Amino acid sequence: MRRIASKFLYTGLGTLAMLWAAAGAAQPASYPSRPVTIVVPYGAGSSTDILTRVLAKQLASELGQNVVVENRAGAGGALGSAFVAKAPPDGYTLVMGTISSHSINASLLKDQPFNVMRDFKPISLVAYFPNLLAVNNDLPVNNLQELVAYAKARGSLSYATGGVGSSGQMAGELLKLSTGAPLSHVPYKEVGQGITDTIAGHVPLIFYQAPALVPHIRDGKLKAIAVLAPERTPLLPDVATPAEQGVAGFDASAWMGLFAPASTPDAVIAKIHRSLVDAARDAGMARQLGAQGFTLAVDTPEAFHRFVEADIAKWAKVIQTTGATAQ
């Protein structure tokens with residue numbers, strides 16, 4: 001994710017002041033005059049859902065209107081995202097997009113019912129968190145080099161993820177590309193079952209989001225091999241990154257960001273963005289999200305647009321090179 005922490009994470013009032021200036025275009029005094037809906041294109045209890053519900057409370061305070069969170073899960077995030085793409089472009093229906101729904105699936109799903117860069121207007125990155133690589137406790141490996149050697153000696157190892165098009169799948173594909181390790185994808189519709197199967201040894205590896213795996217690692221039920229990001233996570237400060245283990249340039253961080261339908265007026269986007277920046281100042285919200293593994297981050301709509309465009313290209317290259325499919 002090109003070191004998001006240094007590029008996107010707000011670090012103080014000076015940065016916030018610059019973001020306010022960027023959002024200082026003429027704003028419609030009447031917006032919002034009724035509740036705003038943020039669609040989560042995944043199920044209740046998902047990482048995206050957790051983040052959005054925490055944010056919605058603070059954002060409602062800044063906007064002066066209720067912010068309703070609506071789950072529209074299905075098709076790897078495509079169902080809810082397509083709903084928002086076709087919604088009236090008035091700022092009252094937004095979507096919390098993710099690395100899967102608004103980056104990976106652009107190349108992985110041949111029948112995705114929208115074009116991210118054409119049908120959406122990026123508002124801002126909201127948060128990111130690392131994926132982890134963890135293994136069954138009985139697997140005789142303790143680091144990436146041992147894992148790669150073990151996989152090559154065995155001929156293949158299967159790995160669990162949260163489903164087709166997930167950042168976990170792309171993390172597995174990126175590890176294959178970076179190391180030559182023979183890995184086979186096992187997507188789970190219910191990632192809880194994938195975690196259970198990895199603990200039981202039915203699947204030896206799992207690539208998934210830190211917030212979900214950390215409790216099992218701390219309880220000694222899984223063994224952490226790597227934090228799949230440029231930097232270690234405070235949740236597991238003793239677990240090394242791929243770069244620290246000899247695999248340079250590896251980043252499979254997951255991100256979430258706010259999008260509106262493409263024709264939403266710039267003045268409305270600016271109002272939402274400023275309210276988001278103001279919400280991000282709340283230290284209590286940052287602590288609450290941080291305790292669950294999220295790093296709260298904001299940026300300008302223009303910079304977020306460039307980031308999404310580059311991220312789509314990054315994963316398109318990985319998908320093309322590895323031959324990854326939506327199977």
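The values are calculated or read from the model by the stated rules, or taken from the named source; none is laboratory data. Every value quoted in this text rests on a predicted model; they were computed, and no experiment measured them. Note: ideal-geometry Cβ built from the backbone for every residue, glycine included; neighbour counts use all protein chains shown.
Quick rundown of the values:
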{"item": "Residue list for the stretch 247-271, filter: of a type outside the set (A, V, I, L, M, F, W, C) and in a loop (DSSP other than H, G, I, E, B)", "result": "Gly249, Asp251, Ser253, Ser263, Thr264, Pro265"}
{"item": "Leading residue by the ranking (modelled with the highest pLDDT) among those in the stretch 272-327 that are closer than 25 Å to Glu173 by Cα, of a type outside the set (Phe, Trp, Tyr) and not in a helix (DSSP H, G or I)", "result": "Thr295"}
{"item": "Filter pass, Tyr42 being modelled with pLDDT under 95, over 18 Å from His273 (Cα atoms) and outside any helix (DSSP H, G or I)", "result": "yes"}
{"item": "Scope the stretch 155-177; condition modelled with pLDDT of 95 or more, surrounded by fewer than 24 Cβ atoms within 10 Å (Cβ to Cβ) and in contact with a Phe, Trp or Tyr (Cβ under 8 Å, 6 or more places away or on another chain); matching residues", "result": "Leu157"}
{"item": "Residues located in the stretch 146-162, provided they are of a type outside the set (Phe, Trp, Tyr), farther than 19 Å from Tyr128 by Cα and touching a helix residue (DSSP H, G or I) at 6+ places or on another chain (Cβ under 8 Å)", "result": "Val148, Leu157, Ala160"}
{"item": "Pick from the stretch 61-81, criterion part of a loop (DSSP other than H, G, I, E, B) and out of contact with any Pro (no Cβ under 7 Å at 6 or more places or on another chain), ranking: nearest to Gln112 (Cα to Cα)", "result": "Gly74"}
{"item": "Odd one out for Gly97, checked against (1) in the same structural domain as Gln292 (by TED's automatic domain parsing); (2) touching a His at 6+ places or on another chain (Cβ under 8 Å)", "result": "(2)"}
{"item": "Glu244 in contact with a helix residue (DSSP H, G or I) (Cβ under 8 Å, 6 or more places away or on another chain) and either assigned to a helix (DSSP H, G or I) or more than 14 Å from Asn142 (Cβ to Cβ) (or both)", "result": "no"}
{"item": "Residue, farthest from the chain's Cα centre (by Cα), within the stretch 183-202, restricted to residues that are outside any strand (DSSP E or B) and among the β-branched types (Val, Ile, Thr)", "result": "Ile199"}
{"item": "Residue satisfying condition, being surrounded by fewer than 15 Cβ atoms within 10 Å (Cβ to Cβ) and either among the hydrophobic types (A, V, I, L, M, F, W, C) or in contact with a His (Cβ under 6 Å, 6 or more places away or on another chain) (or both), within set Ala313, Ala226, Ala270", "result": "Ala313"}
{"item": "Condition check for Val308: under 15 Å from the mean Cα position of the chain (by Cα) and of a type outside the set (D, E, K, R)", "result": "yes"}
{"item": "The lone exception for Gly168 - which of (1) farther than 15 Å from Gly77 by Cα; (2) part of a helix (DSSP H, G or I) it fails", "result": "(1)"}
{"item": "Residues satisfying the stated conditions in the stretch 90-135, i.e. within 18 Å of the chain's Cα centre (by Cα) and part of a loop (DSSP other than H, G, I, E, B)", "result": "Ile99, Leu109, Pro130"}
{"item": "Qualifying residue in the stretch 152-162 (condition: among the polar types (S, T, N, Q) and either under 22 Å from Ala262 (Cβ atoms) or outside any strand (DSSP E or B) (or both))", "result": "yes"}
{"item": "Some residue of the stretch 230-240 being over 19 Å from Ser47 (Cα atoms), in contact with a strand residue (DSSP E or B) (Cβ under 8 Å, 6 or more places away or on another chain) and not assigned by TED's automatic domain parsing to the domain that holds Ile104", "result": "yes"}
